[in-house]
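Here is the structure we will look at.
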Amino acid sequence: VAVMEASDAGLWQYALIAALSVLVWEVLKKAVQIVLGTPAASSSLPLPQDEFTSTNEFMDLPVPDEPHLEMAIAPPQGLHHSNPKEQYHYECECTKGTYLFFHPPTGPGTAHGPGGFDYAEYFQCKSRLWEMRIHMNFKTAPPPDDPIFFGIELEDYVPMSRATQQAQKVIVSGIRQAIGGLYHCAGDDPKRVSGELEKPVCVLPLWAWDQFIETPEGEEPPDLWDPNFENLGKKRYKRIAKYQEEMTQLQRSFKVGPTYTLAFWGNSRFLDVINWMVVGVPIVTPINFNKFAGKPPVHVVMYSLSPSSNGEKRHLGSKKAYYFRAAVWSSSIRPHRRRIEELTGSSEREASPAAQPEQRERKTMRRRFAGFVRRMEGCTGWSRLAE
(Lines give C-alpha, C1' and ligand atoms only; values in the text may rest on other atoms or scores of the structure.)
Protein backbone atom coordinates (compact mmCIF):
# COMPACT_ATOMS: atom_id res chain seq x y z
CA VAL A 1 0.00 0.00 0.00
CA ALA A 2 2.82 2.39 0.89
CA VAL A 3 4.48 1.69 -2.44
CA MET A 4 1.22 2.34 -4.29
CA GLU A 5 0.67 5.61 -2.39
CA ALA A 6 4.22 6.72 -3.18
CA SER A 7 3.67 5.82 -6.84
CA ASP A 8 0.41 7.79 -6.94
CA ALA A 9 2.14 10.78 -5.34
CA GLY A 10 4.86 10.62 -7.97
CA LEU A 11 2.31 10.53 -10.77
CA TRP A 12 0.55 13.55 -9.33
CA GLN A 13 3.85 15.40 -9.15
CA TYR A 14 4.60 14.61 -12.81
CA ALA A 15 1.10 15.66 -13.80
CA LEU A 16 1.45 18.93 -11.89
CA ILE A 17 4.80 19.66 -13.52
CA ALA A 18 3.37 18.90 -16.97
CA ALA A 19 0.37 21.15 -16.34
CA LEU A 20 2.60 24.00 -15.13
CA SER A 21 4.85 23.56 -18.18
CA VAL A 22 1.88 23.84 -20.53
CA LEU A 23 0.61 26.89 -18.62
CA VAL A 24 3.99 28.65 -18.80
CA TRP A 25 4.26 27.81 -22.52
CA GLU A 26 0.83 29.30 -23.26
CA VAL A 27 1.54 32.42 -21.18
CA LEU A 28 4.84 32.99 -23.02
CA LYS A 29 3.16 32.41 -26.37
CA LYS A 30 0.36 34.83 -25.51
CA ALA A 31 2.86 37.45 -24.34
CA VAL A 32 4.85 37.21 -27.57
CA GLN A 33 1.65 37.42 -29.63
CA ILE A 34 0.62 40.57 -27.77
CA VAL A 35 4.03 42.17 -28.30
CA LEU A 36 4.06 41.28 -32.01
CA GLY A 37 0.42 42.07 -32.56
CA THR A 38 -0.44 38.55 -33.76
CA PRO A 39 -3.95 37.10 -33.46
CA ALA A 40 -4.71 34.80 -30.56
CA ALA A 41 -7.02 32.68 -32.68
CA SER A 42 -5.91 29.68 -34.69
CA SER A 43 -4.19 30.43 -38.00
CA SER A 44 -6.79 28.27 -39.73
CA LEU A 45 -9.41 30.98 -39.24
CA PRO A 46 -10.05 33.33 -42.17
CA LEU A 47 -8.44 36.73 -41.94
CA PRO A 48 -10.53 39.86 -42.46
CA GLN A 49 -9.87 42.12 -45.41
CA ASP A 50 -7.08 44.51 -44.40
CA GLU A 51 -6.37 48.14 -45.18
CA PHE A 52 -5.03 47.34 -48.63
CA THR A 53 -8.32 45.99 -49.96
CA SER A 54 -11.97 46.73 -50.33
CA THR A 55 -14.25 43.73 -50.80
CA ASN A 56 -16.38 45.47 -53.41
CA GLU A 57 -13.32 46.06 -55.59
CA PHE A 58 -12.97 42.40 -56.49
CA MET A 59 -16.47 41.07 -57.03
CA ASP A 60 -15.95 40.62 -60.77
CA LEU A 61 -12.53 38.93 -60.77
CA PRO A 62 -12.53 35.57 -62.63
CA VAL A 63 -11.56 33.54 -59.56
CA PRO A 64 -13.24 30.98 -57.25
CA ASP A 65 -15.64 32.16 -54.55
CA GLU A 66 -13.71 30.18 -51.93
CA PRO A 67 -10.44 31.37 -50.32
CA HIS A 68 -7.45 30.78 -52.59
CA LEU A 69 -4.08 32.12 -53.68
CA GLU A 70 -3.79 34.48 -56.66
CA MET A 71 -0.78 34.86 -58.94
CA ALA A 72 0.48 37.15 -61.70
CA ILE A 73 3.42 36.01 -63.83
CA ALA A 74 6.12 38.47 -64.91
CA PRO A 75 5.96 39.69 -67.60
CA PRO A 76 2.16 40.11 -67.23
CA GLN A 77 0.11 37.16 -68.49
CA GLY A 78 -3.25 37.57 -66.78
CA LEU A 79 -4.61 36.59 -63.39
CA HIS A 80 -3.97 33.02 -62.20
CA HIS A 81 -5.15 31.26 -59.04
CA SER A 82 -4.46 28.16 -56.97
CA ASN A 83 -6.31 24.87 -57.46
CA PRO A 84 -7.13 25.65 -61.10
CA LYS A 85 -9.15 23.44 -63.42
CA GLU A 86 -6.28 23.50 -65.93
CA GLN A 87 -2.54 24.09 -65.59
CA TYR A 88 -1.25 27.57 -66.40
CA HIS A 89 1.24 28.44 -69.11
CA TYR A 90 3.99 30.98 -68.52
CA GLU A 91 6.85 32.48 -70.50
CA CYS A 92 9.65 34.87 -69.67
CA GLU A 93 12.93 35.90 -71.26
CA CYS A 94 14.84 32.75 -70.26
CA THR A 95 12.21 30.01 -69.90
CA LYS A 96 8.72 28.88 -70.78
CA GLY A 97 6.50 26.10 -69.49
CA THR A 98 3.50 25.28 -67.32
CA TYR A 99 2.86 25.23 -63.59
CA LEU A 100 0.34 24.16 -60.99
CA PHE A 101 -0.03 25.50 -57.45
CA PHE A 102 -2.48 23.65 -55.22
CA HIS A 103 -3.57 23.09 -51.63
CA PRO A 104 -6.39 21.27 -49.80
CA PRO A 105 -9.70 22.54 -51.20
CA THR A 106 -11.51 25.32 -49.38
CA GLY A 107 -14.84 24.58 -51.08
CA PRO A 108 -16.44 22.96 -54.14
CA GLY A 109 -14.88 25.48 -56.52
CA THR A 110 -11.35 24.44 -55.54
CA ALA A 111 -11.92 20.69 -55.18
CA HIS A 112 -10.78 19.33 -58.55
CA GLY A 113 -8.05 20.14 -61.04
CA PRO A 114 -6.87 19.05 -64.48
CA GLY A 115 -7.97 15.59 -65.52
CA GLY A 116 -10.27 15.37 -62.49
CA PHE A 117 -7.30 15.59 -60.11
CA ASP A 118 -8.78 15.38 -56.60
CA TYR A 119 -6.99 17.95 -54.44
CA ALA A 120 -8.58 16.70 -51.20
CA GLU A 121 -7.63 13.09 -51.81
CA TYR A 122 -4.06 14.04 -52.67
CA PHE A 123 -3.46 15.87 -49.37
CA GLN A 124 -4.85 13.08 -47.19
CA CYS A 125 -2.25 11.90 -44.66
CA LYS A 126 0.19 14.64 -45.74
CA SER A 127 1.54 17.35 -43.42
CA ARG A 128 2.31 19.78 -46.25
CA LEU A 129 -0.03 22.76 -46.58
CA TRP A 130 0.49 23.28 -50.32
CA GLU A 131 2.58 22.16 -53.26
CA MET A 132 3.95 23.69 -56.45
CA ARG A 133 4.86 21.78 -59.62
CA ILE A 134 6.41 23.23 -62.74
CA HIS A 135 7.46 22.18 -66.25
CA MET A 136 10.41 24.29 -67.39
CA ASN A 137 11.98 24.58 -70.83
CA PHE A 138 15.02 26.80 -71.13
CA LYS A 139 15.15 29.37 -73.92
CA THR A 140 18.56 30.38 -72.60
CA ALA A 141 20.34 27.87 -70.37
CA PRO A 142 21.90 29.22 -67.16
CA PRO A 143 25.71 29.26 -66.92
CA PRO A 144 26.75 25.92 -65.36
CA ASP A 145 28.74 27.52 -62.53
CA ASP A 146 26.22 30.18 -61.53
CA PRO A 147 24.27 29.17 -58.40
CA ILE A 148 20.49 28.97 -58.78
CA PHE A 149 18.07 29.98 -56.04
CA PHE A 150 14.33 29.92 -55.58
CA GLY A 151 12.05 31.30 -52.91
CA ILE A 152 10.48 34.63 -51.98
CA GLU A 153 11.49 38.14 -52.95
CA LEU A 154 9.87 41.37 -51.75
CA GLU A 155 9.46 44.55 -53.76
CA ASP A 156 10.82 46.97 -51.16
CA TYR A 157 12.64 47.18 -47.85
CA VAL A 158 10.24 46.69 -44.91
CA PRO A 159 10.99 48.50 -41.62
CA MET A 160 10.32 46.23 -38.64
CA SER A 161 10.17 46.67 -34.90
CA ARG A 162 12.83 45.03 -32.77
CA ALA A 163 10.32 42.42 -31.58
CA THR A 164 9.36 41.54 -35.17
CA GLN A 165 13.04 41.31 -36.12
CA GLN A 166 13.62 38.84 -33.31
CA ALA A 167 10.62 36.78 -34.38
CA GLN A 168 11.92 36.78 -37.94
CA LYS A 169 15.30 35.45 -36.76
CA VAL A 170 13.60 32.59 -34.92
CA ILE A 171 11.49 31.69 -37.96
CA VAL A 172 14.42 31.87 -40.39
CA SER A 173 16.47 29.70 -38.04
CA GLY A 174 13.68 27.12 -37.93
CA ILE A 175 13.44 26.98 -41.73
CA ARG A 176 17.22 26.77 -42.04
CA GLN A 177 17.35 23.82 -39.65
CA ALA A 178 14.49 22.08 -41.45
CA ILE A 179 15.79 22.47 -44.99
CA GLY A 180 19.30 23.97 -44.98
CA GLY A 181 21.12 26.19 -47.44
CA LEU A 182 18.81 29.14 -46.87
CA TYR A 183 19.90 32.65 -47.84
CA HIS A 184 17.97 35.39 -46.08
CA CYS A 185 18.40 39.14 -46.23
CA ALA A 186 16.03 41.78 -44.88
CA GLY A 187 17.12 44.05 -47.73
CA ASP A 188 19.04 47.33 -47.86
CA ASP A 189 17.50 50.30 -46.08
CA PRO A 190 17.46 53.12 -48.68
CA LYS A 191 17.98 55.61 -45.84
CA ARG A 192 21.31 54.01 -44.97
CA VAL A 193 22.61 52.44 -48.19
CA SER A 194 23.37 54.24 -51.43
CA GLY A 195 23.76 52.80 -54.91
CA GLU A 196 22.07 49.59 -56.01
CA LEU A 197 19.97 48.12 -53.23
CA GLU A 198 19.42 44.45 -52.41
CA LYS A 199 15.75 43.56 -52.18
CA PRO A 200 14.54 41.48 -49.21
CA VAL A 201 14.84 37.81 -50.11
CA CYS A 202 14.40 34.42 -48.47
CA VAL A 203 15.66 31.85 -50.97
CA LEU A 204 16.91 28.28 -51.08
CA PRO A 205 19.42 26.52 -53.35
CA LEU A 206 18.20 24.52 -56.33
CA TRP A 207 18.59 21.24 -54.46
CA ALA A 208 15.86 22.32 -52.00
CA TRP A 209 13.25 21.46 -54.62
CA ASP A 210 11.82 18.20 -53.30
CA GLN A 211 11.60 16.35 -56.61
CA PHE A 212 12.87 16.61 -60.17
CA ILE A 213 12.23 14.79 -63.43
CA GLU A 214 14.26 15.26 -66.60
CA THR A 215 12.49 14.47 -69.88
CA PRO A 216 14.66 14.33 -73.05
CA GLU A 217 13.84 16.60 -75.96
CA GLY A 218 11.15 15.12 -78.19
CA GLU A 219 9.50 13.13 -75.38
CA GLU A 220 6.39 14.11 -73.43
CA PRO A 221 6.95 15.01 -69.76
CA PRO A 222 4.55 13.58 -67.17
CA ASP A 223 1.39 15.54 -66.51
CA LEU A 224 1.64 17.75 -63.45
CA TRP A 225 -1.51 16.04 -62.18
CA ASP A 226 -0.34 12.48 -62.99
CA PRO A 227 -1.60 10.12 -60.23
CA ASN A 228 1.81 8.46 -60.27
CA PHE A 229 3.73 11.76 -60.14
CA GLU A 230 5.09 11.14 -56.62
CA ASN A 231 6.91 8.00 -57.80
CA LEU A 232 8.67 9.60 -60.78
CA GLY A 233 12.19 11.00 -61.09
CA LYS A 234 14.39 11.76 -58.09
CA LYS A 235 13.26 12.87 -54.62
CA ARG A 236 15.07 14.54 -51.73
CA TYR A 237 13.27 12.69 -48.93
CA LYS A 238 15.65 10.61 -46.75
CA ARG A 239 18.52 10.89 -49.29
CA ILE A 240 19.58 14.51 -48.99
CA ALA A 241 23.33 14.08 -49.62
CA LYS A 242 22.83 11.93 -52.73
CA TYR A 243 20.05 14.20 -53.94
CA GLN A 244 22.30 17.26 -53.64
CA GLU A 245 24.86 15.55 -55.86
CA GLU A 246 22.19 14.69 -58.42
CA MET A 247 20.84 18.23 -58.45
CA THR A 248 24.34 19.67 -58.81
CA GLN A 249 24.92 17.46 -61.84
CA LEU A 250 21.51 18.39 -63.23
CA GLN A 251 22.19 22.11 -62.85
CA ARG A 252 25.53 21.87 -64.65
CA SER A 253 23.86 20.02 -67.52
CA PHE A 254 20.90 22.38 -67.99
CA LYS A 255 20.40 23.03 -71.69
CA VAL A 256 17.84 24.08 -74.26
CA GLY A 257 15.64 21.17 -75.38
CA PRO A 258 14.74 18.88 -72.44
CA THR A 259 11.81 19.52 -70.13
CA TYR A 260 12.74 19.87 -66.47
CA THR A 261 9.92 19.10 -64.04
CA LEU A 262 10.28 20.32 -60.47
CA ALA A 263 8.07 19.98 -57.39
CA PHE A 264 8.30 21.74 -54.03
CA TRP A 265 6.49 21.38 -50.72
CA GLY A 266 9.35 21.26 -48.18
CA ASN A 267 8.75 24.47 -46.22
CA SER A 268 5.00 24.67 -46.88
CA ARG A 269 4.33 23.74 -43.27
CA PHE A 270 5.74 27.14 -42.27
CA LEU A 271 3.49 29.24 -44.50
CA ASP A 272 -0.29 29.14 -44.49
CA VAL A 273 -0.73 30.94 -47.80
CA ILE A 274 -4.53 31.02 -47.73
CA ASN A 275 -4.66 32.87 -44.41
CA TRP A 276 -1.39 34.73 -45.11
CA MET A 277 0.17 33.49 -41.88
CA VAL A 278 3.57 32.18 -40.86
CA VAL A 279 2.99 29.03 -38.79
CA GLY A 280 4.75 26.00 -37.37
CA VAL A 281 7.44 27.71 -35.23
CA PRO A 282 6.87 27.46 -31.44
CA ILE A 283 6.02 30.61 -29.45
CA VAL A 284 6.42 33.18 -32.27
CA THR A 285 3.73 31.82 -34.60
CA PRO A 286 1.07 32.11 -35.87
CA ILE A 287 1.94 35.60 -37.10
CA ASN A 288 0.58 37.67 -39.98
CA PHE A 289 2.95 37.43 -42.95
CA ASN A 290 2.61 41.17 -43.54
CA LYS A 291 4.66 41.72 -40.38
CA PHE A 292 7.64 40.73 -42.55
CA ALA A 293 6.39 41.43 -46.08
CA GLY A 294 4.83 44.81 -45.36
CA LYS A 295 1.96 44.30 -47.78
CA PRO A 296 1.03 41.99 -50.64
CA PRO A 297 2.17 40.90 -53.10
CA VAL A 298 5.33 38.91 -52.53
CA HIS A 299 7.17 37.36 -55.46
CA VAL A 300 7.94 33.68 -55.92
CA VAL A 301 11.21 33.62 -57.85
CA MET A 302 13.79 31.33 -59.34
CA TYR A 303 17.00 32.98 -60.54
CA SER A 304 20.68 32.40 -61.19
CA LEU A 305 23.29 34.70 -59.65
CA SER A 306 26.30 35.75 -61.71
CA PRO A 307 29.66 36.03 -59.92
CA SER A 308 31.00 39.39 -58.82
CA SER A 309 34.48 40.59 -59.63
CA ASN A 310 34.71 42.72 -56.48
CA GLY A 311 33.64 40.08 -53.97
CA GLU A 312 30.06 41.35 -53.68
CA LYS A 313 27.96 38.78 -51.80
CA ARG A 314 24.56 40.46 -51.99
CA HIS A 315 21.86 39.18 -54.34
CA LEU A 316 21.59 42.35 -56.41
CA GLY A 317 19.10 42.66 -59.24
CA SER A 318 21.86 43.41 -61.74
CA LYS A 319 23.36 39.98 -61.04
CA LYS A 320 20.12 38.00 -61.35
CA ALA A 321 18.71 36.17 -64.36
CA TYR A 322 15.11 35.17 -63.65
CA TYR A 323 13.72 31.81 -64.81
CA PHE A 324 10.40 32.19 -63.02
CA ARG A 325 8.83 35.18 -61.28
CA ALA A 326 5.27 35.46 -60.05
CA ALA A 327 3.60 37.99 -57.77
CA VAL A 328 1.40 36.16 -55.26
CA TRP A 329 -1.17 37.13 -52.65
CA SER A 330 -4.06 35.58 -50.78
CA SER A 331 -7.66 36.28 -51.73
CA SER A 332 -8.05 37.11 -48.02
CA ILE A 333 -5.58 40.00 -48.28
CA ARG A 334 -5.25 41.50 -51.74
CA PRO A 335 -3.31 44.47 -53.09
CA HIS A 336 -5.26 47.43 -54.45
CA ARG A 337 -7.25 46.74 -57.59
CA ARG A 338 -5.05 49.04 -59.68
CA ARG A 339 -1.94 47.14 -58.53
CA ILE A 340 -3.52 43.82 -59.56
CA GLU A 341 -4.27 45.29 -62.99
CA GLU A 342 -0.65 46.43 -63.34
CA LEU A 343 0.62 42.96 -62.43
CA THR A 344 -1.77 41.07 -64.70
CA GLY A 345 -1.41 43.46 -67.63
CA SER A 346 -5.13 43.85 -68.13
CA SER A 347 -8.23 45.30 -66.53
CA GLU A 348 -10.68 42.52 -65.65
CA ARG A 349 -13.20 45.21 -64.73
CA GLU A 350 -13.14 46.64 -68.26
CA ALA A 351 -13.13 43.15 -69.72
CA SER A 352 -16.27 42.15 -67.84
CA PRO A 353 -19.32 42.05 -70.18
CA ALA A 354 -21.34 45.19 -69.42
CA ALA A 355 -24.36 43.59 -71.07
CA GLN A 356 -24.79 41.13 -68.19
CA PRO A 357 -25.43 43.24 -65.07
CA GLU A 358 -27.95 40.76 -63.64
CA GLN A 359 -25.44 37.91 -63.82
CA ARG A 360 -22.81 40.02 -62.10
CA GLU A 361 -25.27 41.04 -59.40
CA ARG A 362 -26.14 37.39 -58.71
CA LYS A 363 -22.45 36.58 -58.41
CA THR A 364 -22.00 39.55 -56.09
CA MET A 365 -24.78 38.35 -53.77
CA ARG A 366 -23.33 34.86 -53.83
CA ARG A 367 -19.92 36.16 -52.83
CA ARG A 368 -21.41 38.37 -50.14
CA PHE A 369 -23.27 35.43 -48.62
CA ALA A 370 -20.14 33.22 -48.80
CA GLY A 371 -18.12 35.94 -47.11
CA PHE A 372 -20.76 36.33 -44.40
CA VAL A 373 -20.69 32.58 -43.69
CA ARG A 374 -16.87 32.57 -43.50
CA ARG A 375 -16.90 35.50 -41.07
CA MET A 376 -19.50 33.75 -38.90
CA GLU A 377 -17.38 30.61 -38.88
CA GLY A 378 -14.42 32.65 -37.70
CA CYS A 379 -16.44 34.34 -34.96
CA THR A 380 -18.48 31.43 -33.68
CA GLY A 381 -16.42 28.35 -34.46
CA TRP A 382 -19.22 26.79 -36.55
CA SER A 383 -16.68 25.00 -38.69
CA ARG A 384 -15.17 23.29 -35.65
CA LEU A 385 -18.60 22.24 -34.38
CA ALA A 386 -19.40 20.81 -37.79
CA GLU A 387 -16.25 18.71 -37.67
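Residues considered: Trp207, Trp225. Of these, the only one that is surrounded by 10 or more Cβ atoms within 10 Å (Cβ to Cβ), aromatic (Phe, Trp, Tyr) and within 19 Å of Arg325 (Cα to Cα) is Trp207. Taking the stated definitions as given, is Arg192 over 18 Å from Lys313 (Cβ atoms) and loosely packed, with under 15 Cβ neighbours inside 10 Å? Here the answer is no, as Arg192 does not meet what is asked. Among the residues making up region 252-274, those that are among the polar types (S, T, N, Q), surrounded by 19 or more Cβ atoms within 10 Å (Cβ to Cβ) and at pLDDT 95 or above are Thr259, Thr261. If the condition is being closer than 14 Å to Tyr322 by Cβ and of a type in the set (A, V, I, L, M), then region 142-154 contributes Ile148, Ile152. Quick check on my filter: what residues within region 161-178 are aliphatic (A, V, I, L, M), more than 18 Å from the chain's Cα centre (by Cα) and open to solvent by 40 Å² or more (accessible area, probe 1.4 Å)? Within region 161-178, Val170 is the sole residue that qualifies.
Within region 84-100, residues that are closer than 11 Å to Arg325 by Cα and without any contact (Cβ under 8 Å) to a residue 60 or more places away in the chain reach partners that are open to solvent by 50 Å² or more (accessible area, probe 1.4 Å) and part of a loop (DSSP other than H, G, I, E, B) with beta carbons closer than 9 Å, at six or more positions or on different chains, in the pairs Glu91/Pro75; Glu91/Gln77; Glu91/Lys139.
Residue check: Val301 meets all listed conditions (1) within 22 Å of Glu93 (Cα to Cα); (2) touching a His at 6+ places or on another chain (Cβ under 7 Å) but one, namely (2). Put simply, of Ala163, Ala167, Ala111 the only residue that is modelled with pLDDT of 95 or more and either out of contact with any helix residue (DSSP H, G or I) (no Cβ under 7 Å at 6 or more places or on another chain) or among the small types (Gly, Ala, Ser) (or both) is Ala111.
For region 58-70, which positions are open to solvent by 10 Å² or more (accessible area, probe 1.4 Å) and either modelled with pLDDT of 95 or more or not hydrophobic (A, V, I, L, M, F, W, C) (or both)? Asp60, Pro62, Pro64, Asp65, Glu66, Pro67, listed by residue number.
When the residues of region 228-248 are filtered to those that are farther than 22 Å from Phe117 by Cβ and of a type in the set (A, V, I, L, M), the one that is surrounded by the fewest Cβ atoms within 10 Å (Cβ to Cβ) is Ala241. Within region 97-154, being in a loop (DSSP other than H, G, I, E, B), surrounded by 19 or more Cβ atoms within 10 Å (Cβ to Cβ) and among the hydrophobic types (A, V, I, L, M, F, W, C) holds for Phe117, Leu129, Trp130, Leu154.
The criterion of being at positive phi and at pLDDT 95 or above does not hold for Asn137.
Within region 286-309, the set of residues being over 19 Å from Glu155 (Cα atoms) and open to solvent by 10 Å² or more (accessible area, probe 1.4 Å) comprises Pro286, Ser306, Pro307, Ser308, Ser309.
The values are calculated or read from the model by the stated rules, or taken from the named source; none is laboratory data. Treat the numbers as computed from the prediction; the structure is a model and nothing was measured. Reconstructed Cβ throughout: ideal geometry from the backbone, glycine too, with neighbour counts over all protein chains shown. Heads up: the accessible areas ignore ligands, DNA and RNA and are worked out on the full protein's heavy atoms, side chains in. Shrake-Rupley method; radii C 1.70, N 1.55, O 1.52, S 1.80 Å.
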